[in-house]
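Q: Structure provided below as structure tokens; questions to follow.
What follows draws every value from the coordinates through simple rules; no lab data is involved. All of these numbers come straight from a predicted model, not from anything done at the bench. No Cβ is skipped: glycine too gets one built from the backbone with ideal geometry, and neighbour counts run over all protein chains shown.
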Amino acid sequence: MESWTCDKVVKQLLLRDELKSQTLAINEKSKSLEAEGKTVYKLGFGESPFPVPQFLIDEVVKNASANEYLPVQGLEELRKAFCSWIYAKYQAKYEPQNVIVAPGSKMNLFTCIASLSDNVEIIIVTPAWVTYFPITVIQNKKMTLLHTKPENNFIPTPEQVDELCAAEPNKLRVMIFNYPNNPSGTSLTIAQAKSLAASFRKNNIVILSDEIYGELFGHVNNGKDEENSHSTQVGHVSIATYCPERVILSNGISKVVGAGGYRMGVMAIPKDLAYLIKPMSVLASNSYSAVNAPIEKAAISVFKGYTPLANDRKPLPATKDALENEIYLSRSRRILNPIRRYAYDKLKASGVIVAEPTAAFYIYPIFTPYADKLKKRGITNDKDLCLDILAKKSVAVLYGSAFQRPADEFGMRVCLVDFNGKEVLDALAKEDEKNGWVFNNHSEVDVDMKFLEKNCAKLLKGINNLAEYAEELKAEK
Ligand SMILES: Cc1ncc(COP(=O)(O)O)c(C=O)c1O
């Protein structure tokens, strides 16, 4: 645990340096190497590799003439659709009047944190998405970092939460909680969500749950019981299912439909915290005003059309658009699952520390077992390690300190997205057609290695190169 209070000097330093988007910097560096004619394996930048599905493009086109300013809080129809989507998928009840729409979930996170009182302590669980730290620092909030452990799949334990709160049990705390997690790709099981929910209640912690990757959950067939697995049947496990009264749930369209550049996020706030809507709306109306009209109108189609099913976490899509979206997500998962597994097996065999990712498109290897060997090479921190990997193996990854991990842990985020998502989805659609595949959201069969070798060869080579770097360290006397 690390406590942070930000005085002016720290704030200035951070504004000057850290706030330059670290992920974008890696992307730029990779591009300049490519411009020199080198093949760079771009595993540094975590954008969805998949295209926007056609139904949403059609909706955007249909709404292109909408030029009016929309309500600051967002269209009621969209807020209603979002609430029914959350209920159908995660069985958590939120009211449309307590939902707010913004240009990107990042913006909602920003105004939500800004709207919290200054005596609230923000807990950032690490490894943490690069944005949480700067947006908390910019606003001069009290902050504590809670470092999770790879052996716990980078998920905080109830004991850690208790320990964090023990000294000042009455302090107001908001924990930024992000599962499926960027950068580790790990996600919650039902058992973990249940025990954490009990601990959050006991310690009176509010959870700001960023579930942007929820629909890219894994379906690891690990033979475990439902409570402890990441199976198709279970789907994404949202902490909101288990303590909705204290979970502020953030999502958007960046990953559910690969539309990051459309800029639209949605946040649902529990009844008891609904007073946050007002300051958030004031910030919104005096900065961005509202989300752009064509996108917001079109986005209704992303969340509409799901019918909740009793005791079933996988609602059947009831409209043509929802069905198209589910087929798209199902295919995306069937491609991502074996990619993650391949990366996990390769990296684990190379002797680095790695937690098995079960969702999204990330993996977070830690090179601590080779710390002494790296130091002998003059590499003393994660930035230097990533630069060395880029120089020797042409693999661009992002160093762990960007995710608030200690630099001498030698961790890094690997984004498993260096493939053409449109081409790969099209190839799978063709194969599915040939095989008479029928959508079944309870049973998804992954693509095989032959498919990956044919369609994602560059990505596999990038993973191999990274593993090779670790293997060489292993072999070094
Ligand atoms: C954890 C996490 N939250 C939020 C976002 C951004 O979401 P948006 O595009 O809705 O601002 C990202 C994007 O990479 C992310 O990784």
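Q: Taking square-rooted eigenvalues a ≥ b ≥ c of the alpha carbon gyration tensor, is region 63-315 rounded, prolate or oblate, where a/c under 1.5 means rounded and, failing that, a/b exceeding b/c means prolate? Spell out each step's value before the answer.
A: Details: a/c = 1.78, a/b = 1.19, b/c = 1.50.
Verdict is oblate for region 63-315.
Q: Using alpha-carbon positions, what is the distance between the centroids of region 357-413 and region 460-477, in Å?
A: Measuring centre to centre over Cα atoms gives 12 Å.
Q: If you don't mind, another one. Return the FRET efficiency for the residue pair Ser65, Ala429: r is the Cβ-Cβ distance, R0 is 35 Å, and the value is rounded to the nearest 0.05.
A: Working: r = 31 Å, r/R0 = 0.90.
Approximately 0.65, to the nearest 0.05.
Q: Something else about it: Using the Kyte-Doolittle scale, which helices in the chain average at least 0.0 and also have C-alpha atoms spread 30 Å or more along the helix axis, with helices defined as whole DSSP H runs? If you can, show how the numbers build up before the last one.
A: Values: long enough: 320-349 (44 Å, -0.94).
The qualifying helices: there are none.
Q: When the helix-only estimate is applied to the chain (DSSP H runs of n ≥ 4, each -39,500 (n - 2.57), divided by the residue count), what is the mean residue ellipticity at 222 nm, nearest 500 deg cm²/dmol? Please report the intermediate quantities before stating the final value.
A: On the way: 16 runs with 195 residues, N = 477.
Computed ellipticity for the chain at 222 nm equals -12500 deg cm²/dmol.
Q: Another one. Projecting each Cα onto the charge dipole of the chain (Lys/Arg +1, Asp/Glu -1 at the beta carbon, about the Cα centre), which of Thr307, Ala349, Tyr275 comes out farthest on the positive side?
A: My answer, from the dipole projection, is Ala349.
Q: Over 28 Å between Cα atoms, which of Lys106/Lys422; Lys194/Lys297; Lys29/Lys373 qualify?
A: Numbers: Lys106/Lys422 25 Å; Lys194/Lys297 36 Å; Lys29/Lys373 26 Å.
Violating the 28 Å limit, Cα to Cα: Lys194/Lys297.
Q: Now for a different question. When only alpha-carbon atoms are used, what values of Rg and Dmax, in angstrom, describe the chain?
A: That works out to 21.7, 68 Å for Rg and Dmax.
Q: Kindly flag which residue pairs out of Lys393/Lys474; Lys38/Lys348; Lys31/Lys375; Lys348/Lys474; Lys320/Lys430; Lys42/Lys393 have an alpha-carbon separation exceeding 22 Å in this structure. Don't jump to the answer; show the numbers that get you there.
A: Numbers: Lys393/Lys474 16 Å; Lys38/Lys348 28 Å; Lys31/Lys375 29 Å; Lys348/Lys474 12 Å; Lys320/Lys430 20 Å; Lys42/Lys393 11 Å.
From the list (Lys393/Lys474; Lys38/Lys348; Lys31/Lys375; Lys348/Lys474; Lys320/Lys430; Lys42/Lys393), the Cα-Cα distance tops 22 Å for Lys38/Lys348; Lys31/Lys375.
Q: State the three equivalent ellipsoid semi-axes of region 63-161, derived from the C-alpha gyration tensor as the square roots of 5 times its eigenvalues, in descending order and whole Å. Write down the numbers at each step before the final one.
A: Working: eigenvalues 189, 73, 34 Å².
Result for region 63-161: semi-axes of 31, 19, 13 Å.
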